[in-house]
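These notes are about the structure you will find just below.
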Amino acid sequence: MTYEECIQACLECMEACNHCYSACLQEQDVAMMAECIRLDRECADICGFAAQAMQRNSRFAKEICNVCAHVCQACGDECAKHEHDHCQRCAEICHHCANVCQDMAS
């Protein structure tokens with residue numbers, strides 16, 4: 001596993017979460033989507049931060065990737081509960097990023 005592979009996964013996940021977040025706000029029952037929206041935002045933020053940490057070669061990159069893996073897993077699990085295409089796609093990308101970040105943290 002290289003930083004470049006993990007950075008790419010994090011950036012793809014950040015993009016998917018931002019798209020899902022925006023799409024969830026357009027759903028009819030936004031209140032039902034509240035946890036998905038909340039986790040999309042947290043996941044996008046930590047993915048962006050993890051990518052920056054790796055780009056800077058931070059000495060904390062592995063620890064940040066470990067946290068990122070946990071947040072991505074939680075976001076993916078939440079998105080998977082919803083049938084919307086944007087949520088299903090986000091869940092798939094989040095789970096992939098969680099696995100890549102976990103490998104990086106190991």
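Does any residue in region 26-48 that is in contact (Cβ under 8 Å) with a residue 40 or more places away in the chain come within less than 8 Å, Cβ to Cβ, of a residue that is of a type in the set (Asp, Glu) six or more places away or on a different chain, and which pairs are these?
Here the result reads Met33/Glu27; Glu35/Glu78; Cys36/Glu78; Leu39/Glu78, each pair linking region 26-48 to a residue that is of a type in the set (Asp, Glu).
Of the conditions (1) at pLDDT 95 or above; (2) out of contact with any Lys or Arg (no Cβ under 8 Å at 6 or more places or on another chain); (3) open to solvent by 20 Å² or more (accessible area, probe 1.4 Å); (4) not hydrophobic (A, V, I, L, M, F, W, C), Asp40 fails just one. Which one is it?
The failed condition is (3).
From Glu63, Glu83, which residue is in a helix (DSSP H, G or I) and open to solvent by 30 Å² or more (accessible area, probe 1.4 Å)? Outline the logic, then answer.
Working: Glu83 fails: in a helix (DSSP H, G or I).
Unique residue meeting the criteria: Glu63.
Sort out which residues of region 37-52 are under 26 Å from Glu5 (Cα atoms) and in contact with a Cys (Cβ under 8 Å, 6 or more places away or on another chain), and write them in order of number.
Matches in region 37-52: Leu39, Asp40, Arg41, Glu42, Cys43, Ala44, Ile46, Cys47, Gly48, Phe49, Ala50, Ala51.
Scanning region 1-13 for residues that are open to solvent by 60 Å² or more (accessible area, probe 1.4 Å) and of a type in the set (A, V, I, L, M), which turns out modelled with the highest pLDDT?
Leu11
The values are calculated or read from the model by the stated rules, or taken from the named source; none is laboratory data. In this text the structure is predicted, and so the values were computed from the model without any measurement. Here the Cβ is made from the backbone with ideal geometry for all residues, glycine too, and neighbour counts use every protein chain on show. Just the protein is used for accessible areas: all its heavy atoms, side chains included, with ligands, DNA and RNA removed. Shrake-Rupley method; radii C 1.70, N 1.55, O 1.52, S 1.80 Å.
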